[in-house]
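Okay, so here's the structure we're looking at.
The values are calculated or read from the model by the stated rules, or taken from the named source; none is laboratory data. Owing to the predicted nature of the structure, the values given are computational and were not obtained by experimental measurement. Because the Cβ atoms are built from the backbone with ideal geometry, glycine has one as well, and the counts that use them run over all protein chains shown. Protein only, heavy atoms only, side chains kept; ligands, DNA and RNA dropped before computing areas. Shrake-Rupley method; radii C 1.70, N 1.55, O 1.52, S 1.80 Å.
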Amino acid sequence: MDLLITNIGQLVPMENAGPVKGRHMNNLTVHENAALGIKDKKVAWMGTAAEAEKINRKKTIDAGGRLVTPGLVEAHTHLVFGGAREKEMALKQQGVDYLDILKQGGGILSTVRATKKASFDELLERALFHLDRMAMYGITTVEAKSGYGLDRETEMKQLKVVKEAAKKHPLDLVSTFLGAHAIPEEHEHDPDAFLDEMSDMFDEIKEDNLAEFVDIFTEANVFSVEQSRQFLQKAKDKGFQVKLHADEIEPLGGTDLAVELGAISGDHLAVATDEGIRKLAESDTIGVILPGTIFYLGTGTYARAREMIDAGAAIAVSTDFNPGSSVTENLQLIMSLSALRLNMSPEEIWHAVTVNAAHAINRGHAAGSLAIGRQADVVIWDAPNYMYIPYHYGVNHVNTVIKNGSVLYERKLNHHG
Ligand code: IZC
Ligand code: ZN
């Protein structure tokens, strides 16, 4: 072995091929007093700490009785953006809601102006900074959306930043084209022409391998279900898998559309109807729930994840990291919200941030699991068991992050005196 992690208190390998649906999300395999071997950047061996004593290895990490899991998978971020929207916090406190701020040219549109102004290098630096922070919180694979350009040039700039960041940063990045994120000011009166402009980019994005998924914000005062259907159908015809920002604020039926189109994921689903939930449960579409957004906006209701799982759906949870509606890279905090506000069990939550999140971004074969042969993305946690992470909220529990078999981050403090 190149690396042997031994003296593991609890090893939670998430070996299920997945996606893991409904009540199966509650079944978690836990190995106590375990050890894990890594060779050629892959998981190569699993056994007891006693068995590990006989295994040849180049390097050993003593986990000291800690919890060990796969690296977390973050399935929904708006990683690349210029500026920040801290001034909108006061507006929100005065009662102006998210969609009203957007209508007044703020919100997403203010980030669009800042992203247009920012240079490629500035955007890249910022993206790398946020990726570092995600890595420190135990995330080893990240989905990243464009959508703060809303014109060909700036959308391309964002997608190319993601591609460059993927080369420069050890975390795995998965790119999504979200050109249809808002109606830009210059197209206020002809959103269909704007959608045509964005769909005209599909060929170039495909040729240059700049995105795997196409996404759209299906929302009141943004894009209707019919506009979304046509736009995403065009994307599918060009060979993209599709995703939707569906039923986040107003219940338009985006969840139903995600299922109808065979989307790889439907995201948000905060106000999905009973019918939408039933369809989701019967489909292969993964529901990516983003409770941080509801917490952060302070309005609206949390997605009915409990009912979705009970009905048989496969659920992932993610941060929705973005400068407006969920400003955090801390997926562990989202795990706590999933317990406290979505009534998910710790077992369900671990499926939701590993295997199911990986499947929501088409990385089920590589990430989110420590089955033999998977890439060795491993987190050692300063916690005795898997239930502890959602329980002790708002802080970073990471002790060590291993990405592709190499130590990427170790918690260290210089003690004085
Ligand atoms: O920048 O506000 N919902 N898009 C749709 C977002 C939230 C991100 C933002
Ligand atoms: Zn989003």
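Place a point 7 Å from Cα of N33 in the direction of its Cβ. Which residues in region 42-61 have their backbone N less than 13 Å from it? Within reach of a label on N33: 48-53.
Straightening the chain between T48 and S406 buys 126.7 nm, computed as 0.36 nm per residue apart minus the Cα-Cα spacing.
Go through region 1-69 and name the GluC sites (Glu not before Pro) that are in a DSSP coil and have 12 or fewer other Cβ atoms within 10 Å of their Cβ. Sites meeting the loop and neighbour criteria: E53.
Per residue, the accessible area of the chain comes to 40 Å² when a 1.4 Å probe rolls over the protein heavy atoms. Taking the Cα centroid of region 126-156 and of region 287-361, what is the distance between the two, rounded to the nearest whole Å? Region 126-156 and region 287-361 have Cα centres separated by 19 Å. Computed with a 1.4 Å probe on the full set of protein chains, the accessible area for S406 sits at about 70 Å². Using the Cβ-Cβ distance between L340 and V225 with R0 = 22 Å, the FRET efficiency computed as 1/(1 + (r/R0)^6) comes to roughly 0.10. In a reduced charge model with +1 at each Lys and Arg Cβ and -1 at each Asp and Glu Cβ, the chain shows a dipole moment near 1700 debye about its Cα centre. Of S175, H187, M198, which is farthest towards the positive pole of region 169-209's charge dipole, taken about the Cα centre with +1 and -1 on the beta-carbons of Lys, Arg and Asp, Glu respectively? Going by the Cα projections, it comes out as S175.
Ordered by solvent-accessible area of protein heavy atoms (1.4 Å probe), largest first, the residues L3, L340 come out as L340, L3.
In terms of accessible area, using a 1.4 Å probe and ignoring ligands and nucleic acids, K403, K279 rank largest first as K279, K403.
Other residues whose C-beta falls under 9 angstrom from the C-beta of M1 contribute a net charge of +3, scoring Lys and Arg +1 and Asp and Glu -1. Among the GluC sites (Glu not before Pro) in region 240-288, those located in a DSSP loop and surrounded by at most 16 other Cβ atoms within 10 Å of their own Cβ are E282. Full extension of the chain segment joining K58 with H365 gains 107.8 nm, where the gain is 0.36 nm per residue of separation less the Cα-Cα distance. Using Cα-Cα distances under 8 Å and only pairs 6 or more residues apart, what relative contact order does the chain have, in percent? With pairs under 8 Å counted, the relative contact order is 21 percent.
Rolling a 1.4 Å probe across all protein chains gives Y98 an accessible area of roughly 40 Å².
For the Cα atoms of the chain, what angle does the longest principal axis make with the long axis of helix 120-136, in degrees from 0 to 90, nearest 10? For 120-136 against the chain, the angle is about 40 degrees. Within the full protein context, the accessible area of K41 is estimated at about 130 Å² for a probe radius of 1.4 Å.
For the options T29, T141, T176, a Gaussian network treatment of the chain with springs between C-alpha atoms closer than 10 Å singles out T29 as fluctuating the most.
Compute the helix-to-body angle for 152-168: its Cα long axis versus the longest principal axis of the chain, expressed 0 to 90° and rounded to tens. The angle comes out near 10 degrees.
Using a Förster radius of 51 Å, what is the FRET efficiency between E207 and I372 based on their Cβ-Cβ separation? Nearest 0.05, please. Intermediate results must be reported in sequence, preceding the final value.
Working: r = 36 Å, r/R0 = 0.71.
My answer for the efficiency is 0.90.
Within the accessible area of region 220-313, the carbon and sulfur atoms contribute 49%, probe 1.4 Å, all protein chains present.
Calculated [222 nm] ellipticity per residue, helices only, for the chain: -9500 deg cm²/dmol; basis is -39500 (n - 2.57) per DSSP H run with n ≥ 4, divided by all residues, nearest 500.
Using only Cα atoms, find the angle between the long axis of helix 225-237 and the longest principal axis of the chain, and express it within 0 to 90 degrees, rounded to the nearest 10. Tilt relative to the chain: about 60 degrees. When the pairs K168/K206; K41/K238; K167/K279; K160/K403; K42/K238 are compared against a 27 Å limit on Cα-Cα distance, K41/K238; K167/K279; K42/K238 fall above it.
Whole angstrom only: what separates the Cα centroid of region 1-53 from the Cα centroid of region 377-410? Going from one Cα centre to the other spans 14 Å.
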